[in-house]
């Protein structure tokens with residue numbers, strides 16, 4: 001029973017960390033990489049699909065992405081989707097290839113992005129702590145129902161705390177990496 005509680009907490013914490021990673025990947029640094037466009041959807045023959053399913057995404061150079069639609073008629077639709085996204089990018093079309101230049105970030109904008117990243121990290125830590133609280137409450141109810149002893153409850157809480165510490169350490173490492181990436185010119 002204690003292992004079930006620990007495993008449930010570990011699974012949920014891992015999902016929180018994965019969600020944090022997804023949020024971090026949306027935050028743009030000065031460097032171009034295709035995952036920046038992953039959350040953009042386009043109307044592809046009547047259904048909304050991620051841009052990666054309607055076009056080939058490649059990194060042309062460190063500051064330019066190239067988007068090559070599978071169907072030539074999709075060029076203008078994809079270009080509009082990129083323009084109207086929350087990324088503030090201005091694509092340019094050359095025949096069937098859409099080039100998306102990444103404008104360099106100003107120092108002020110970099111500092112704003114670091115604040116955003118820190119807020120995302122804090123939200124991830126809060127999620128992990130809430131999962132820890134849920135796990136400890138599960139252990140307390142098991143102890144109260146006499147399914148486990150008080151010693152086993154304390155041992156279970158230590159296991160849940162260990163998993164929590166590992167998760168917060170991983171969040172902190174991701175945060176440090178992203179901050180360094182944002183501040184490098």
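Observations on the structure shown:
- Any chance residue 155 is assigned to a helix (DSSP H, G or I), at pLDDT 85 or above, under 30 Å from residue 60 (Cα atoms) and in the same structural domain as residue 6 (by TED's automatic domain parsing): no
- Matching helices (runs of 4 or more DSSP H) fully within region 1-108 where at least 1 residues are closer than 30 Å to residue 140 by Cα and at pLDDT 80 or above: 2-26
- When residues in region 69-82 are screened for being farther than 14 Å from residue 41 by Cβ and exposed (fewer than 15 other Cβ atoms within 10 Å of the Cβ), 5 of them pass.
- Hey, residue 75 over 30 Å from residue 154 (Cβ atoms), assigned by TED's automatic domain parsing to the domain that holds residue 122 and out of contact with any helix residue (DSSP H, G or I) (no Cβ under 8 Å at 6 or more places or on another chain) or not: no
- Condition check for residue 64: touching a strand residue (DSSP E or B) at 6+ places or on another chain (Cβ under 9 Å) and surrounded by fewer than 16 Cβ atoms within 10 Å (Cβ to Cβ): yes
- Residues considered: 19, 32. Of these, the only one that is on the phi < 0 side of the Ramachandran plot, loosely packed, with under 15 Cβ neighbours inside 10 Å, under 17 Å from the mean Cα position of the chain (by Cα) and in contact (Cβ under 8 Å) with a residue 60 or more places away in the chain is 19.
- Residue satisfying condition, being under 29 Å from residue 182 (Cα atoms), touching a helix residue (DSSP H, G or I) at 6+ places or on another chain (Cβ under 9 Å), modelled with pLDDT under 90 and assigned to a helix (DSSP H, G or I), within set 142, 113: 113
Residues are listed down the side, and each one gets a yes or a no for (1) closer than 20 Å to residue 23 by Cα; (2) surrounded by 14 or more Cβ atoms within 10 Å (Cβ to Cβ):
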| site | (1), (2) |
| --- | --- |
| 110 | yes, yes |
| 124 | yes, yes |
| 144 | no, no |
| 152 | no, yes |
| 161 | no, yes |
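The values are calculated or read from the model by the stated rules, or taken from the named source; none is laboratory data. Given the structure is predicted, the values throughout are model-derived calculations rather than measurements. Because the Cβ atoms are built from the backbone with ideal geometry, glycine has one as well, and the counts that use them run over all protein chains shown.
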